[in-house]
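K.L.:
Dropping the structure in here first, questions after.
The values are calculated or read from the model by the stated rules, or taken from the named source; none is laboratory data. These numbers were taken from a predicted model, which means no experiment stands behind them. A quick note on method: Cβ atoms are made from the backbone with ideal geometry, for glycine too, and the neighbour counts reach across all protein chains shown. To get the accessible areas, we keep the full protein, side chains included, count just its heavy atoms, and leave off ligands, DNA and RNA. Shrake-Rupley method; radii C 1.70, N 1.55, O 1.52, S 1.80 Å.
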Amino acid sequence: QVQLVESGGGLVQAGGSLRLSCAASGTIFAINDMGWYRQAPGKQRELVATITNRGGTNYADSVKGRFTISRDSAKKTVFLQMNSLKSDDTAVYYCNLRATTTAWGIKFDDYWGQGTQVTVSS
């Protein structure tokens, strides 16, 4: 069973920084990518950033230059460093894992963390 444990959310003033962490555990054979999504009240969940098994990264336009995604492959952990936070960044942030759990897996399945609240005050 795959589990994702998130930490690092909280309340911060505009212009401040937070660092989110997400550690994956359980039966994981191969990881395709890991990433972060967020969902604000009344809005649809949106992609924030992803990092592939080769280290390639992808960011939403709204966070480019402010957020940095990184990983510790050996520990199956992904991080999101969030700088220059704005009120628009307020949302529940979800860790995402795309992985196979068996050697004979045909496709990568999606796994999600429980979400961590990030609130940016002005």
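K.L.:
Answer with yes or no whether residue 7 is closer than 16 Å to residue 116 by Cα, of a type in the set (Gly, Ala, Ser) and surrounded by fewer than 17 Cβ atoms within 10 Å (Cβ to Cβ). Write out each step before concluding.
P.N.:
Details: closer than 16 Å to residue 116 by Cα: yes; of a type in the set (Gly, Ala, Ser): yes; surrounded by fewer than 17 Cβ atoms within 10 Å (Cβ to Cβ): yes.
So residue 7 fits the description; yes.
K.L.:
Separate question: Please go through the stretch 1-41 and give me each residue that is in a loop (DSSP other than H, G, I, E, B) and closer than 18 Å to residue 62 by Cα, ordered by number. First the steps, then the outcome.
P.N.:
Our first condition is that a residue be in a loop (DSSP other than H, G, I, E, B); within the stretch 1-41, this holds for 1-2, 8-9, 14-17, 26-29, 40-41.
14, 15, 16, 17, 40, 41 - these are the residues of the stretch 1-41 that are in a loop (DSSP other than H, G, I, E, B) and closer than 18 Å to residue 62 by Cα.
K.L.:
Being surrounded by 15 or more Cβ atoms within 10 Å (Cβ to Cβ), acidic (Asp, Glu) and in a helix (DSSP H, G or I), is that true of even one residue in the stretch 78-91?
P.N.:
Looking for residues that are surrounded by 15 or more Cβ atoms within 10 Å (Cβ to Cβ), acidic (Asp, Glu) and in a helix (DSSP H, G or I), one finds at least one in the stretch 78-91, hence yes.
K.L.:
Let me ask another. So, of the residues in the stretch 110-122 that are more than 11 Å from residue 6 (Cα to Cα) and either without any contact (Cβ under 8 Å) to a residue 40 or more places away in the chain or small (Gly, Ala, Ser) (or both), which turns out to be most open to solvent (accessible area, probe 1.4 Å)? Quick ask: steps written out before the conclusion?
P.N.:
At the first step, the residues of the stretch 110-122 found to be more than 11 Å from residue 6 (Cα to Cα) are 110-111, 118-122.
Add one more test, that the residue is either without any contact (Cβ under 8 Å) to a residue 40 or more places away in the chain or small (Gly, Ala, Ser) (or both), and what stays is 110, 121-122.
Working: 110: 85, 121: 48, 122: 146 Å².
Restricting to residues being more than 11 Å from residue 6 (Cα to Cα) and either without any contact (Cβ under 8 Å) to a residue 40 or more places away in the chain or small (Gly, Ala, Ser) (or both), the top hit is 122.
K.L.:
Which is over 20 Å from residue 3 (Cα atoms) and touching a residue at least 60 places away in the same chain (Cβ under 8 Å), of 58, 83, 96?
P.N.:
Values: 58 fails: touching a residue at least 60 places away in the same chain (Cβ under 8 Å); 96 fails: over 20 Å from residue 3 (Cα atoms).
Checking each option against the conditions leaves just 83.
K.L.:
Just to be sure, is residue 107 loosely packed, with under 11 Cβ neighbours inside 10 Å and over 18 Å from residue 3 (Cα atoms)? Write out each step before concluding.
P.N.:
Working: loosely packed, with under 11 Cβ neighbours inside 10 Å: yes; over 18 Å from residue 3 (Cα atoms): yes.
The answer is yes for residue 107.
K.L.:
Taking the stretch 63-77 only, how many residues are exposed (fewer than 13 other Cβ atoms within 10 Å of the Cβ) and either touching a helix residue (DSSP H, G or I) at 6+ places or on another chain (Cβ under 7 Å) or closer than 24 Å to residue 1 by Cα (or both)?
P.N.:
Step one: of the stretch 63-77, the residues exposed (fewer than 13 other Cβ atoms within 10 Å of the Cβ) are 64-65, 72-75.
Next, only the ones that are either touching a helix residue (DSSP H, G or I) at 6+ places or on another chain (Cβ under 7 Å) or closer than 24 Å to residue 1 by Cα (or both) stay: 72-75.
The number of residues fulfilling the criteria is 4.
K.L.:
On the basis of being out of contact with any Leu (no Cβ under 7 Å at 6 or more places or on another chain), open to solvent by less than 30 Å² (accessible area, probe 1.4 Å), at pLDDT 95 or above and under 19 Å from residue 108 (Cβ atoms), does residue 50 make the cut? I'd like the intermediate steps shown before the answer.
P.N.:
Details: out of contact with any Leu (no Cβ under 7 Å at 6 or more places or on another chain): yes; open to solvent by less than 30 Å² (accessible area, probe 1.4 Å): yes; at pLDDT 95 or above: yes; under 19 Å from residue 108 (Cβ atoms): yes.
Spelling it out, residue 50 is indeed out of contact with any Leu (no Cβ under 7 Å at 6 or more places or on another chain), open to solvent by less than 30 Å² (accessible area, probe 1.4 Å), at pLDDT 95 or above and under 19 Å from residue 108 (Cβ atoms).
K.L.:
So is residue 68 under 14 Å from the mean Cα position of the chain (by Cα) and of a type in the set (S, T, N, Q) or not?
P.N.:
Yes.
K.L.:
Give me the pairs: first residue in the stretch 20-48 and closer than 13 Å to residue 114 by Cβ, second residue small (Gly, Ala, Ser) and open to solvent by less than 20 Å² (accessible area, probe 1.4 Å), beta-carbon distance under 7 Å, and six or more apart or on different chains, which are they?
P.N.:
Close Cβ pairs satisfying both conditions: 22/113; 39/91.
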